[in-house]
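Colleague: I'd like to ask some things about the structure below.
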Amino acid sequence: MRTAKAETLITELAALLGPAGLLTEAADVAPYGEDWRRLYNHRPLAVARPANTADVAAVVRAAVAAGVGVVPQGGNTSLVGGAVPTVPDSQLVLSLSRLRTVRAVDPLELTLTAEAGVTLQAAQEAAAAAGCLLPLSISAEGTAQLGGILAANAGGNNTLRYGNARDLVLGLEVVLADGSVWEGLRRLRKDNTGYCLRQLFVGSEGTLGVITACVLKLAPRPRAVAVALCAVPSVAAALALLGRLQNFDASLLQAFEYMSGEGVALVLRYLPDTRLPLTTPAAHYVLVELATPRPDTALDAVLEELLAAAMEADVVTDAVLARSEGQRAALWRLREEHSEAQKRAGANVKNDVSVPIARLPELIARASAACAALVEGIRIVPFGHLGDGNVHFNLVQPEGMDPAAFLAREGALMEAVCAVVRDLDGSFSAEHGVGALKPPLLAAWRGGPELALMRQIKNALDPLGLMNPGKLLP
Ligand SMILES: Cc1cc2nc3c(=O)[nH]c(=O)nc-3n(C[C@H](O)[C@H](O)[C@H](O)COP(=O)(O)OP(=O)(O)OC[C@H]3O[C@@H](n4cnc5c(N)ncnc54)[C@H](O)[C@@H]3O)c2cc1C
């Protein structure tokens with residue numbers, strides 16, 4: 001049963017947005033209520049799909065006047081249930097997917113100005129068409145949208161070289177919680193005129209306002225790229241290789257991704273058209289990508305020489321260099337298909353953690369031992385952005401175990417991993433945010449003045465608590 005205020009809101013929104021802009025039928029709104037991991041499924045009161053900033057502002061004003069919570073939604077690829085309602089039939093999903101214009105790409109300034117609903121992939125393509133690189137890449141880029149990327153401060157494969165979303169944003173346009181519009185779409189590299197408001201909204205997970213457009217920094221497009229898959233004897237050796245590459249020329253290093261032997265074995269088993277291009281399987285692998293805008297650089301030869309020296313020093317035991325675009329894509333697939341392979345292998349427990357880079361070997365050793373002691377036969381598949389100190393410390397159920405019985409141990413497993421991470425001065429959420437899944441951890445890890453400050457910011461910007469209620473803050 002809808003309240004009278006909710007009925008009035010829906011009538012108002014229908015008049016404002018027209019049939020293409022408002023979904024109210026149960027079957028139409030249902031997909032917007034379920035998150036990517038299928039952890040949450042709460043039917044939205046309705047789904048508003050405005051097509052421009054003025055309409056986003058009008059939707060927010062109407063929802064706030066009705067006392068209805070607003071859940072901004074981009075591609076809905078959040079891995080922490082950030083973009084779906086927390087309770088059924090009472091929150092309005094505000095989808096940004098119709099704001100999908102790339103307004104400008106400037107190859108001299110190296111900027112891209114685009115609306116929030118443009119997918120990351122479409123923005124990358126627009127940048128590439130102008131001879132530039134939008135240097136942010138995640139496996140969900142075909143679906144994730146710029147608004148969601150910024151609200152979640154996404155990282156991904158190239159953070160090592162270019163930083164995460166936060167480092168790429170120059171300007172934002174935001175609909176504030178009172179329905180007014182902050183027009184901060186500046187393209188300035190230097191602007192010391194008070195508090196940096198745009199950074200407040202980056203990583204705020206829709207709890208402070210709705211991002212409607214952005215200006216992002218671009219980079220020159222790489223014209224020479226070299227990719228290699230390396231087998232390494234240990235995580236410490238992987239870090240030694242990272243050090244060697246950084247010392248040679250850190251500006252060439254585009255990605256440095258870790259995969260465990262078990263993780264690669266799952267990809268090879270569950271994705272039939274993948275193969276390991278090395279003679280024998282290893283316990284640890286690193287995927288290295290070098291890139292430069294200089295077309296005259298013989299990057300393959302550079303990487304080959306670096307890896308040969310690393311092999312002589314016993315830092316690398318085996319390696320293969322991609323010789324074509326197809327081979328590069330095949331090597332990257334071994335990394336990109338990790339989530340899919342794990343999904344096909346059964347129930348998963350995911351931990352997206354970070355520690356200071358030097359402590360990664362200790363993290364992987366200690367957390368692996370702790371999890372193996374909790375569940376016999378558990379498959380431990382850490383992988384990810386080693387160069388950023390960020391590991392997806394994922395756990396897959398033992399072969400043949402009842403998935404429900406495995407998931408019953410989720411809390412204990414996550415606690416065991418988090419205890420090690422905390423001991424190593426790390427973070428319980430490196431990339432994926434807090435969302436609906438992890439607010440209790442925020443309270444435990446960021447308490448005291450830090451949490452009090454976050455609450456003050458929330459109260460100042462959203463005094464009624466209607467922006468993405470139930471997310472981020474405990
Ligand atoms: C296969 C896969 C791989 C992934 N890999 C990575 C990775 O490597 N690195 C990484 O960081 N993340 C990764 N993610 C997580 C996810 O893709 C990112 O968090 C992404 O930024 C979310 O974008 P989205 O448009 O789907 O946002 P949504 O999921 O729709 O929303 C994410 C959060 O932002 C809020 N939000 C959305 N749009 C707006 C807006 N316009 N204004 C204000 N708030 C808004 C939502 O309310 C929610 O809190 C991955 C996810 C998947 C499924």
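Values quoted throughout were computed directly from the atomic coordinates according to the rules given, and no laboratory measurement underlies them. Remember, predicted model here, so these are calculated numbers, not experimental data. Here Cβ is always computed from backbone atoms with ideal geometry, including for glycine, and neighbour counts include all displayed protein chains.
Colleague: Tell me which GluC sites (Glu not before Pro) from segment 1-63 have a DSSP coil assignment and no more than 12 other beta carbons within 10 Å of their own.
Modeller: On the way: sites: GLU7, GLU12, GLU25, GLU34; in loops: GLU25.
Filter output for segment 1-63: GLU25.
Colleague: A further question follows. Quick one: angle between helix 4-17 and the longest Cα principal axis of the chain, in degrees between 0 and 90, rounded to 10, please.
Modeller: The angle comes out at about 70 degrees.
Colleague: Using the Cβ atoms and a cut-off under 13 Å, what net charge is assigned to the surroundings of GLY74, where Lys and Arg are +1 and Asp and Glu are -1? Present the calculation step by step, with values, prior to reporting the outcome.
Modeller: Details: positive: ARG49, ARG98, ARG100; negative: ASP35, GLU115, GLU141, GLU205.
So the environment of GLY74 carries a net charge of -1.
Colleague: Using θ = phi - 60° and the Karplus relation 6.51 cos²θ - 1.76 cosθ + 1.60, list the HN-Hα couplings for segment 251-263 in order, rounded to whole Hz, with x at every Gly or Pro.
Modeller: 6, 8, 7, 9, 7, 8, 10, 9, 9, 7, x, 5, x
Colleague: A follow-up question, please. With the cut-off at 22 Å, tell me which of the pairs LYS190/LYS217; LYS350/LYS471; LYS217/LYS458 have Cα atoms farther apart than that.
Modeller: On the way: LYS190/LYS217 13 Å; LYS350/LYS471 19 Å; LYS217/LYS458 28 Å.
Violating the 22 Å Cα-Cα cut-off are LYS217/LYS458.
Colleague: Please report the Cα spread of the chain along all three principal axes, rounded to whole Å, starting with the longest.
Modeller: That works out to 73, 56, 45 Å along the principal axes.
Colleague: Rank these for me by crowding, LYS343, LYS190, LYS5, going from fewest to most other beta carbons within 10 Å.
Modeller: Working: LYS343 15, LYS190 5, LYS5 12.
Least to most surrounded, the residues fall as LYS190, LYS5, LYS343.
Colleague: Quick one: what Rg and Dmax do you get for segment 143-222 from the alpha carbons, in Å?
Modeller: Final numbers for Rg and Dmax: 12.7, 43 Å.
Colleague: What is the antiparallel percent of DSSP beta bridges lying wholly in the chain, to the nearest 5? Don't jump to the answer; show the numbers that get you there.
Modeller: Values: 59 of 67 bridges.
Within the chain, antiparallel bridges account for around 90 percent of the total.
Colleague: In debye, nearest 20: dipole of the chain around its Cα centre with unit charges on the Cβ of K, R (+) and D, E (-)? Spell out each step's value before the answer.
Modeller: Values: 41 positive and 48 negative charges, 151 e Å.
Roughly 720 debye, rounded to the nearest 20.
Colleague: Taking the Cα centre of each part, how many Å lie between segment 41-94 and segment 404-474?
Modeller: The two parts, judged by their Cα centres, are 22 Å apart.
Colleague: How much net charge surrounds PRO19 when only other residues with a Cβ under 12 Å from its Cβ are counted (Lys, Arg +1; Asp, Glu -1)? The partial results should precede the final answer.
Modeller: Details: positive: ARG49; negative: GLU25, ASP28.
Overall, the nearby charge balance is -1.
Colleague: Karplus couplings for segment 413-418 from phi (6.51 cos²θ - 1.76 cosθ + 1.60, θ = phi - 60°), rounded to Hz, Gly and Pro as x?
Modeller: Those phi angles translate into 5, 5, 4, 5, 5, 4 Hz.
Colleague: Given a cut-off of under 8 Å on Cα pairs at least six residues apart, what relative contact order in percent is computed for segment 129-206?
Modeller: Working: 82 pairs, mean separation 23.6, N = 78.
Once divided by the residue count of segment 129-206, the mean separation gives 30 percent.
Colleague: Related question: Using amide H atoms built 1.01 Å from N in the peptide plane, name the residues 5+ places from ALA347, or on other chains, whose amide H lies under 5 Å from its own.
Modeller: Under 5 Å from the amide H of ALA347: GLN397.
Colleague: Which order do LEU94, LEU208 fall in if you start with the one that has the fewest other Cβ atoms within 10 Å?
Modeller: Numbers: LEU94 26, LEU208 23.
Starting with the residue having the fewest Cβ neighbours, the order is LEU208, LEU94.
Colleague: Here is a follow-up. Could you tell me the relative contact order of the chain? Use alpha-carbon pairs under 8 Å, at least six residues apart, and round to a whole percent. All intermediate terms of the calculation are to be shown ahead of the outcome.
Modeller: Numbers: 1005 pairs, mean separation 70.0, N = 474.
Contact order relative to length: 15 percent.
Colleague: Can you give me the P(r) profile for segment 357-474? Cα pairs, bins 5 angstrom wide beginning at 0, each as a whole percent.
Modeller: The calculated distribution, bin by bin, is 2, 10, 18, 19, 17, 14, 10, 6, 4, 1, 0.
Colleague: Near the amide H of GLN73, under 5 Å away, which other amide H atoms are found, from residues 5 or more places off or on another chain, if H is placed in the peptide plane?
Modeller: LEU94, SER95, LEU96
Colleague: Now, a different point. Please give the net charge around VAL174, taking every other residue with its beta carbon less than 13 angstrom from that of VAL174, where Lys and Arg add +1 and Asp and Glu add -1. Display every interim value, and only then the final one.
Modeller: Working: positive: ARG186, ARG198; negative: GLU115, GLU173, ASP178, GLU183, ASP462.
With Lys, Arg at +1 and Asp, Glu at -1, the net is -3.
Colleague: Hey, can you grab everything whose amide H is under 5 Å from the amide H of THR292? Only 5+ residues off in sequence or another chain; H modelled, so Pro and N-termini drop out.
Modeller: ARG223, ALA224
Colleague: Sticking with this structure for a sec: How fast does segment 302-380 diffuse by Stokes-Einstein, in µm²/s, taking the Kirkwood radius from C-alpha pairs at 4 °C and 1.567 mPa s? Don't skip to the end; give the middle numbers.
Modeller: Details: Rh = 16.0 Å.
Rounded, D is 81 µm²/s.
Colleague: Taking the chain as the reference, fit the longest principal axis to its C-alpha atoms, fit the long axis of helix 120-129 to the helix C-alpha atoms, and give the angle between the two in degrees, 0 to 90, nearest 10.
Modeller: On a 0 to 90 degree scale, this one is about 70.
Colleague: Once you charge only the Cβ atoms, +1 for Lys and Arg and -1 for Asp and Glu, what is the size of the charge dipole of segment 1-138 about its Cα centre, to the nearest 20 debye?
Modeller: Values: 10 positive and 12 negative charges, 44 e Å.
With only Lys, Arg, Asp and Glu charged at Cβ, the dipole is about 220 debye.
Colleague: Here's another thing I want to ask about it. Averaging sequence separations of C-alpha pairs under 8 Å and six or more residues apart, then dividing by the length of segment 77-226, give the relative contact order as a whole percent.
Modeller: Details: 275 pairs, mean separation 38.7, N = 150.
In percent, rounded to a whole number, it is 26.
Colleague: Could you line up THR297, THR3 from fewest to most neighbouring Cβ atoms inside 10 Å? If you can, show how the numbers build up before the last one.
Modeller: Numbers: THR297 18, THR3 13.
The most exposed by this proxy come first: THR3, THR297.
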